[in-house]
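These notes are about the structure you will find just below.
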Amino acid sequence: MPELPEVETVKRGIAPHLVKRRFRSVTIRDHRLRWPVDPNLSHYLVGQEVLNIERRAKYVLVRLLKGYLVIHLGMSGRLYFVSADTPVAKHDHLDWELDNGQILRYTDPRRFGAVIWIDGDDVSTHKLFAALGPEPLDDVFNADYLFKRSRKRKVPIKSFIMDAHVVVGVGNIYANEALFMAGILPTREAGSVSLARYIRLVDAVKKVLAQAITQGGTTLKDFVGGDGKPGYFKQELQVYGRGGEACPICRKSLKEMKIAQRTTVFCKSCQR
């Protein structure tokens, strides 16, 4: 599933080709995404100029003069540009034709993604965004904030930092990596973690995500090649997906378990 760095990469990849362009037409081949696509989408978009491409949590926000086109990639969604004569594949559910003839195509085999129209110039009060926590790379996401939010919380620290009401975008891969970098056992109760250790954890979260976004930038060419690649970066992971292998620090075997049904990999020696 695309996580925050992948979605940020998508945002950066499509932005140069969308901003200041106008929508010429909208083709909806299948309305059946996570929520039904509004059949009036063409009415809202055609003729409008794209002012900016933004991201909130794992949503791509296409900002227009009147409203926002909001896109979530779900489990398998992809956005990429194709020429007008590119054949349509089975799971190509939507096309947005631009005034220069290029087509932004949305494909989603599992149809867990979403394409939504939001009126107005502020999405923060919409039900999708109103209860979300801060962005992990923003200054408001800091150790004091996380420490205060965690008091009396008995949930595992891994589940705590993956809660979008606490902080958005720290998906499973990056929660594993950040906790390893901070030396915190993923099963430890969030309320038992000290402020000093939250300082290390916040720093780790920011470093892991920033590094992933930087690596993702090397794949931006995929968005204009028409090859349908999602633009994922080649991940350089320390623990995720390496259960049973040697810890990169102490060389003892990495352990693997499930927390909230999500794969969790850690080192019992280096994390406590």
Task: Greater than 29 Å apart at Cα, pairs in LYS148/LYS207; LYS154/LYS206; LYS152/LYS268; LYS20/LYS158 - done: LYS20/LYS158
TODO: Calculate the spin-label point distance for VAL140 paired with GLU54, positioning each point 7 Å from the Cα along the beta-carbon direction, and give it in nanometres.
DONE: 1.2
Task: Listed values [x] 14.6; [y] 12.5; [z] 19.4, entry calculated as mean projected area of the Cα convex hull in nm² - done: [x]
- [ ] Can you figure out the FRET efficiency of ALA196 with LYS252, using R₀ = 25 Å and their beta-carbon distance, to the nearest 0.05?
- [x] 0.50
Task: Counted charge near VAL208, where neighbours are those whose Cβ lies closer than 11 Å (Asp, Glu -1; Lys, Arg +1) - done: -2
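So how do HIS17, HIS165 line up by other beta-carbon neighbours within 10 Å, fewest first? Please report the intermediate quantities before stating the final value.
On the way: HIS17 17, HIS165 9.
If I rank by nearby Cβ atoms, fewest first, I get HIS165, HIS17.
May I ask you to compute the full-extension gain from VAL88 to ASP119, defined as 0.36 nm times their residue separation minus their alpha-carbon distance, rounded to one decimal in nm?
Working: separation 31, 0.36 × 31 = 11.16 nm, distance 2.98 nm.
Additional length available on full extension: 8.2 nm.
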TODO: Please report, in whole Å, how far the alpha carbons of the range 1-127 spread along each principal axis, starting with the longest.
DONE: 37, 32, 27
TODO: Would you calculate the separation in nanometres between label points at GLU236 and THR263, each defined as 7 Å from the Cα along the Cα-to-beta-carbon direction?
DONE: 2.1
TODO: Could you size up the charge dipole of the chain around its Cα centre, putting +1 on the beta carbon of Lys and Arg and -1 on that of Asp and Glu, and report it in debye to the nearest 20?
DONE: 1260
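So for ARG272, ARG242, fewest C-beta neighbours within 10 Å to most, what's the order? Don't jump to the answer; show the numbers that get you there.
Working: ARG272 10, ARG242 16.
Lowest to highest Cβ neighbour count: ARG272, ARG242.
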- [ ] Output the relative contact order of the chain, whole-number percent, from Cα pairs under 8 angstrom with separation of 6+ residues.
- [x] 19
Task: Rounded Å value of the spacing that divides the Cα centres of the range 81-109 and the range 115-169 - done: 33
Open item on the list: Could you compute the longest span of the chain free of GluC sites (Glu not before Pro) located in DSSP loops and having at most 13 other Cβ atoms within 10 Å, not counting the site residues?
Closed with: 1-235
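Read-outs throughout are calculated quantities, based only on the coordinates presented, and are distinct from any laboratory measurement. What you are looking at is a predicted structure, and each value in this text was computed from that prediction instead of being measured. Neighbour counts run over all protein chains shown; Cβ positions are idealised from the backbone, glycine included.
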